[in-house]
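To keep things clear, I will list the structure first and then write my remarks on it.
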Amino acid sequence: MNDLTITNTSGVLIIPPEMEPLTINGTLTGQIRTLPVTLSYFGAYFNSGVDTVTLEWETQSETNNLGFYVLRAPVPELNIANLVSELIPSVNSSQGARYSHTDEALYDDGTYYYWLQDISLSGDVEIHGPTMVNVVLGSGGNGTPEIPRKTGFHRNFPNPFNPSTYLEYYLETNADVAFKVYNLKGQLVDEINLSNVSSGTHRYKWEPKLDSGIYLVKFIAAGQTNTRKVILSK
């Protein structure tokens, strides 16, 4: 693929020539407009048995979106990232959609950083990320086994957030789930109760009616509890 690389204050943006915006001497002439794509999740995990990395992302909504490219670098520096995917066509649903891409071109152990680039039909671009993943090639089979996922509250995304965030958690078995939200004085200020949630990874969209500040979110399910700090910034 012959891609055009343009450097600006946001880093390196890789754009197919057919979608090239107006430039003068290779420099972007105007500001990059925010695309009508709202990303709610972007993550990656290493598949030790087959030595690949799977990237997953979700959108809340999409309008006039051409699709996505995945970029990768061994350090968290966008300006040296390489394109590692063909164009991944978008669904363009007002309800959002789920996507995944598998990176099979892994030749060295180490930490990899991935970015997601979405492109509008008019050639505007936006970068998301990075998300990070550790790679240990050949670790499947006789290597150190992958640590199994446990029931718990893994993270919220984004953080800090305004006005909403996704509470990501994992269940080993079906269970009732509760989130109890406390301020730094230890006062209960919000509570979420979910009944008979199926096993697996879940993301709950939380839209608190609270003031800006730091809060502690306690997860309770199947006899397991853990607490994470979240930041609401209005």
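Here, each number is a calculation from the coordinates, and none is a lab measurement. A quick note: this is a predicted structure, and the numbers were derived from the prediction, not measured. Positions of Cβ are generated from backbone atoms using ideal geometry, with glycine treated the same way; all protein chains shown enter the neighbour counts.
Tabulated data
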item	result
Relative contact order (%) - criterion: Cα under 8 Å, at least six apart; region: region 152-232	36
Cα gyration tensor shape for region 124-234, rounded if a/c is under 1.5, else prolate or oblate	oblate
Farthest positive-ward along region 152-232 dipole, Cα basis, beta-carbon charges - from V230, A178, F153	V230
Point-charge dipole on Cβ atoms (K/R +1, D/E -1) for region 152-232, about Cα centre, debye to 20	220
Residues L137 and S100, FRET efficiency given R0 of 22 Å [Cβ-Cβ distance, rounded to 0.05]	0.60
Stretchable slack from N162 to I231, in nm (0.36 nm times residue separation minus alpha-carbon distance)	23.9 nm
